[in-house]
1. Determine which member of the set Asp38, Asp4 is of a type in the set (Asp, Glu) and modelled with pLDDT under 80.
2. Output the residues belonging to region 226-250 that are under 18 Å from Ser261 (Cβ atoms) and outside any helix (DSSP H, G or I).
3. Report the residue count in region 161-213 for those that are without any contact (Cβ under 8 Å) to a residue 40 or more places away in the chain and within 18 Å of the chain's Cα centre (by Cα).
4. Of the numbered conditions (1) surrounded by 18 or more Cβ atoms within 10 Å (Cβ to Cβ); (2) in contact with a Gly (Cβ under 9 Å, 6 or more places away or on another chain), Asp155 satisfies every one except a single condition; which is it?
5. So which residues in region 112-160 are under 19 Å from Ile20 (Cα atoms) and of a type in the set (Ser, Thr, Tyr)?
6. Among the residues of region 66-91, how many are crowded, with 18+ Cβ neighbours inside 10 Å and in contact (Cβ under 8 Å) with a residue 60 or more places away in the chain?
7. Any residue at all in region 50-65 that's more than 27 Å from Arg7 (Cβ to Cβ), at pLDDT 85 or above and surrounded by 21 or more Cβ atoms within 10 Å (Cβ to Cβ)?
8. Please go through region 202-225 and give me each residue that is assigned to a helix (DSSP H, G or I), of a type in the set (A, V, I, L, M, F, W, C) and under 23 Å from Ile31 (Cα atoms), ordered by number.
Amino acid sequence: MNSDRLRGFLQITRPLNVAISFVAIPTMAAIAAGRLTDWTEAIIAGMTGALATSGANAINDFFDVDIDRLNRPERPIPRGALTKRDAAMVWLVTTIVAILLNLLLSLPALLIVLGSLALMFVYSAALKRTALAGNLTVAVMVGMAFIYGATVAGDVVRGLVPAAFAFLLVLAREIIKDVEDIEGDRAHGAQTYPIIRGARPALAIASGVLASLILTTVVAHFSGLYSGWFIIAVSPVDALVAYTVFTVWNDHSPAAMRRHSNRLKLCMILGLAAIIAGSL
């Protein structure tokens with residue numbers, strides 16, 4: 001197996017997204033429990049989330065080959081490092097192992113995983129190219145990761161704020177990514193919101209969602225769920241989100257949209273750190 005093929009197998013899983021899932025789910029379990037004395041179930045849940053994320057990314061590349069040839073020719077399948085069959089095998093193996101691992105956990109946790117795996121497949125196969133439905137699906141799946149972690153710990157309520165934060169941030173980011181991908185999506189008949197209504201209305205929705213995200217962090221602070229460290233740690237995140245709201249209008253080019261998308265991914269990591277700080 002040559003080095004580019006090996007790199008392709010790693011790249012198709014989106015390692016950063018996988019790492020975020022692996023860290024975020026056990027962290028959410030620890031936050032929900034207040035203090036975990038036994039990390040075994042939390043680590044199993046983190047591994048399940050990482051595998052599910054890997055499979056979701058692989059099956060997404062399986063269905064998106066034609067679009068990626070225009071929008072992301074550097075991806076493993078368009079550049080010839082992997083085949084569609086390889087992507088399907090990655091999805092199948094990671095999905096089976098994720099389910100088997102989750103049999104070690106509770107029934108509610110298993111049901112969440114089974115529902116999420118099914119939703120991920122339907123999203124890639126049919127919903128991704130639809131107006132807003134695909135964006136909402138991705139946001140729900142990411143938010144459910146935090147509900148899943150809290151479920152493993154036995155306190156679902158503690159997962160609601162992180163889930164809301166993740167849902168809003170990912171929803172805005174997915175809409176911005178649709179603006180970035182207009183050219184390739186239109187060429188292959190996708191009916192995303194920016195294609196149907198235009199880039200500016202789509203960015204107006206994304207901006208409104210991001211403004212709601214800032215409001216959510218303020219409400220979370222005054223709810224008393226977190227210590228004073230939360231508002232200190234989340235303030236830079238809110239500043240980056242506000243910066244995106246005001247600058248997303250300046251340039252609609254794919255390069256500019258990708259910068260905004262990457263900034264919001266950083267906000268996800270920093271937001272998780274803020275929740276951890278507020279839970280200490």
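The values are calculated or read from the model by the stated rules, or taken from the named source; none is laboratory data. Predicted model only: the values in this text are computed from it and were never measured. Cβ atoms come from the backbone with ideal geometry, glycine included; neighbour counts cover every protein chain shown.
1. Just a single option satisfies the conditions, and that option is Asp38.
2. Within region 226-250, Val248, Trp249, Asn250 meet the criteria.
3. 3
4. Status for Asp155: all satisfied but (1).
5. Answer for region 112-160, where residues must be under 19 Å from Ile20 (Cα atoms) and of a type in the set (Ser, Thr, Tyr): Ser116, Thr137, Tyr148, Thr151.
6. Going through region 66-91 one residue at a time, the tally reaches 11.
7. no
8. Leu213, Ile214, Leu215, Val218, Val219, Ala220, Phe222
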